[in-house]
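Q: First the structure, then my questions, so here it is.
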Amino acid sequence: QVQLVESGGGLVQPGGSLRLSCAASGSIFRINGMGWYRQAPGKQRELVADISSGGFVNYADSVKGRFTISRDNAKNTVYLEMNSLKPEDTAVYYCYLALERIYWGQGTQVTVSS
């Protein structure tokens, strides 16, 4: 059984920063990648960033230059550093782990508002 636990969400003012963490536990082998999606109410789920097993990273155009994805292999943890946050970044953020299938975190709310 694989479990992903997210933390770090919250309320932040525009221009502020948050760091999301996602720690995976369980039977984890041959990780294909880890990353983050987000979903705002009434909107489609959007891939925000991912990092491959080889360390290659990809970002959505909307967050490129503002967000940074990283991982700690020893801790099976992926992070999302979110800077220069905008109201349109408001969403529930879900981490995922690509193993033999995709496992999902429980989601953490990020709200960017004055």
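The values are calculated or read from the model by the stated rules, or taken from the named source; none is laboratory data. Because the structure is predicted, anything quoted here is derived from the model rather than measured. Heavy atoms of the whole protein, side chains included, go into the accessibility calculation; ligands, DNA and RNA do not. Shrake-Rupley method; radii C 1.70, N 1.55, O 1.52, S 1.80 Å.
Q: Three principal axis extents, largest first, for the C-alpha atoms of the stretch 9-55, in Å?
A: Taking max minus min along each principal axis of the Cα atoms, the stretch 9-55 gives 38, 23, 21 Å.
Q: From the convex hull of the Cα coordinates of the stretch 1-106, what is the mean projected area in square nanometres? Write out the running numbers ahead of the final one.
A: Details: hull surface 25.8 nm².
The orientation-averaged projected area of the Cα hull of the stretch 1-106 comes to 6.4 nm².
Q: So if I take the centroid of the Cα atoms in the stretch 4-29 and the same for the stretch 55-114, what is the distance between those two points in Å?
A: 7
Q: Could you name the aspartates and glutamates whose alpha carbon sits less than 20 Å from that of K43, not counting residues in the same chain fewer than 8 places away?
A: D61, E88, D89
Q: Using a 1.4 Å probe over the heavy atoms of the protein chains, calculate the carbon and sulfur portion of the accessible area of the chain as a whole percent.
A: For the chain, the apolar C and S fraction of the accessible surface comes to 47 percent.
Q: Excluding ligands, DNA and RNA, what is the solvent-accessible area per residue of the chain at a probe of 1.4 Å, expressed in Å²?
A: Per-residue value: 54 Å².
Q: In percent, what relative contact order does the stretch 52-103 have, based on Cα pairs under 8 Å that are 6 or more apart in sequence?
A: Relative contact order, the stretch 52-103: 21 percent.
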